[in-house]
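Enquirer: Have a look at this one.
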Amino acid sequence: DEGTLVFQFVWSATGQGGGNDSVVWTIAAQAYASDDPLTGAFPAATAATLQEHSATNDDVMITAETSAVTVGGSPAAEEFVAFEVSRDVSEDDLDVDARLHGIKIHYTIDAGTDD
């Protein structure tokens, strides 16, 4: 329905870290229509809630849902949406590598079919 999106990050760590370590993932979204330049800046990123690592190597971690993310560029039906994802190491304290495996996207539709 061209409204806001909500995200959850699926990740793991390469080691145990120092215990009680946490990670912060951020995301921003930008819509593009045909002939739009790809050089426009993304809107401000939205962060997932700080999540503490389980302290076990290779455990799958799933963050809480982000707050609503507004897609930049005034999205309309059939437009391309690009995402900018990053780890905000200035806000987290995991001292080993974090691996992002996927992102769950929650969105609202305004019709029951694609027709």
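The values are calculated or read from the model by the stated rules, or taken from the named source; none is laboratory data. From a predicted model like this one, the values you see are computed outputs, not experimental measurements. Here Cβ is always computed from backbone atoms with ideal geometry, including for glycine, and neighbour counts include all displayed protein chains. All accessible areas refer to the heavy atoms of the entire protein, side chains included, with ligands and DNA or RNA removed. Shrake-Rupley method; radii C 1.70, N 1.55, O 1.52, S 1.80 Å.
Enquirer: May I ask you to list the residues in region 29-50 that are within 12 Å of the chain's Cα centre (by Cα), modelled with pLDDT of 90 or more and either over 13 Å from residue 75 (Cβ atoms) or open to solvent by 30 Å² or more (accessible area, probe 1.4 Å) (or both)?
Expert: 45, 46, 47, 48
Enquirer: Of the numbered conditions (1) among the charged types (D, E, K, R); (2) in contact with a strand residue (DSSP E or B) (Cβ under 6 Å, 6 or more places away or on another chain); (3) in a loop (DSSP other than H, G, I, E, B), residue 2 satisfies every one except a single condition; which is it?
Expert: (2)
Enquirer: On to the next question. Cβ contacts < 7 Å: first residue more than 30 Å from residue 96 (Cα to Cα), restricted to region 29-57; second residue surrounded by 12 or more Cβ atoms within 10 Å (Cβ to Cβ) and among the acidic types (Asp, Glu), any location; separation 6+ or different chain. Result?
Expert: Matching pairs, first to second residue: 31/79; 32/79; 33/79.
Enquirer: While we're here: Does residue 18 count as modelled with pLDDT under 85, loosely packed, with under 14 Cβ neighbours inside 10 Å and over 17 Å from the mean Cα position of the chain (by Cα)?
Expert: yes
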